[in-house]
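What follows is calculated from the coordinates using simple rules that are stated; it is not laboratory data. Source: prediction; values computed, not measured. Don't worry about glycine lacking a Cβ; one is built from the backbone with ideal geometry, like all the others, and counts go over all protein chains shown.
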Amino acid sequence: MDMAKEIEKAAELIKKGKIVIFPTETVYGIGVNGLDSNAVKKLYEIKKRPLNKPISLLVSDMEMVEQIARDITDVEYQIMKTFFPGPLTIILKKKEIVPDIVTSGSDTVGIRMPSEKIAIEIVKQAGVPIATPSANISGKPSGTNIKSIMQDFEGKVDFFIDGGESKLGIGSTIVQVINEEPKILREGSITLEQIKQVIK
């Protein structure tokens with residue numbers, strides 16, 4: 001199957017509530033339709049992820065960001081304009097459309113626009129934000145190699161795309177803007193200094 005067909009198949013499966021493993025530029029992701037709470041529940045189960053750990057959503061464009069987030073400030077827009085697409089997750093206030101299971105009941109949601117072509121194409125073609133934690137069993141190292149990932153998820157996922165080794169190999173930087181000030185919640189390849197330079 002060529003890559004375009006694989007992407008198309010992955011997107012179709014996600015629309016149907018299925019689980020797909022695919023590469024992003026940080027680490028491999030395991031994704032489901034982020035607006036389908038049953039699919040998200042399955043995702044928590046097979047990852048053995050505690051329900052109090054929220055899952056970020058991958059988006060393909062700003063329009064999709066605005067479907068799921070509200071009250072976006074100028075500072076938040078500036079950060080997204082500079083670092084999307086890329087290895088940065090921003091925490092925004094969520095709209096009702098985002099199921100509580102995705103955010104562990106909180107009123108904010110992590111949003112990231114991947115720069116990896118395969119990942120962004122899947123989101124685009126699925127037409128929904130994709131809930132995508134890293135492809136590993138909770139507590140194990142993040143998956144960067146499809147072979148070891150498949151051992152963990154053998155028979156538990158509906159489809160996977162092999163995109164070779166992950167380019168960055170570490171998770172995205174997670175940032176939240178509080179009173180106009182960006183705070184880093186998880187270190188990644190984008191630094192607080194880089195973010196601060198943008199919003200001066």
With springs only between Cα atoms under 10 Å, which of Asp74, Asp61, Asp152 fluctuates most in a Gaussian network model of the chain?
Asp74
Give me the dipole magnitude in Debye, nearest 20, for the chain about the Cα centre, with unit charges on the beta carbon: positive for Lys and Arg, negative for Asp and Glu.
480
Could you give the radius of gyration (one decimal) and Dmax (whole number) of the Cα atoms in the stretch 21-148, in Å?
13.6, 42
From the cross-link list Lys41/Lys94; Lys42/Lys81; Lys42/Lys196; Lys5/Lys94; Lys9/Lys95; Lys93/Lys183, which pairs have alpha carbons spaced over 27 Å apart?
Lys42/Lys81; Lys42/Lys196; Lys5/Lys94; Lys9/Lys95
Stokes-Einstein at 10 °C, 1.306 mPa s, Kirkwood radius from Cα pairs: D for the stretch 117-200 in µm² s⁻¹?
103
Protection proxy (average C-beta count within 10 Å per residue), highest first, orders 116-122, 18-24 as 18-24, 116-122
Here the FRET efficiency for Lys196 versus Gln67, based on Cβ atoms and R0 = 35 Å and rounded to 0.05, is 0.80
What ³J(HN,Hα) values, in whole Hz, does the Karplus curve 6.51 cos²θ - 1.76 cosθ + 1.60 give for the stretch 177-188 when θ = phi - 60°, with x put for Gly and Pro?
9, 10, 6, 6, 9, x, 10, 8, 9, 8, 5, x
Given a cut-off of under 8 Å on Cα pairs at least six residues apart, what relative contact order in percent is computed for the chain?
31
What are the residues whose amide H is under 5 Å from the amide H of Val98, where those residues sit 5 or more places off or on another chain and H is modelled from the backbone?
none
Name the long-range amide H neighbours of Ser104: under 5 Å, sequence gap of 5 or more, or other chain; modelled H, no Pro or chain starts.
Ile55
Karplus (6.51, -1.76, 1.60) ³J(HN,Hα), θ = phi - 60°, over the stretch 126-133, in Hz, Gly and Pro reported as x:
6, x, 9, x, 10, 6, 9, x
Expressed as a rounded percentage, what relative contact order does the stretch 106-200 have, with Cα pairs under 8 Å and six or more residues apart?
15
Selection from Val175, Ile46, Val65, by position along the positive dipole direction of the chain (Cβ):
Ile46
Likely footprinting exposure, Val198, Val157, Val75, Val59, fewest C-beta neighbours within 10 Å first
Val198, Val75, Val157, Val59
Provide the per-residue ³J(HN,Hα) series for the stretch 155-171, in order, calculated from phi with Karplus coefficients 6.51, -1.76, 1.60 and θ = phi - 60°, each as a whole number of Hz, with x at glycine and proline positions.
x, 9, 10, 8, 6, 9, 10, 8, x, x, 5, 5, 5, 8, x, 10, x
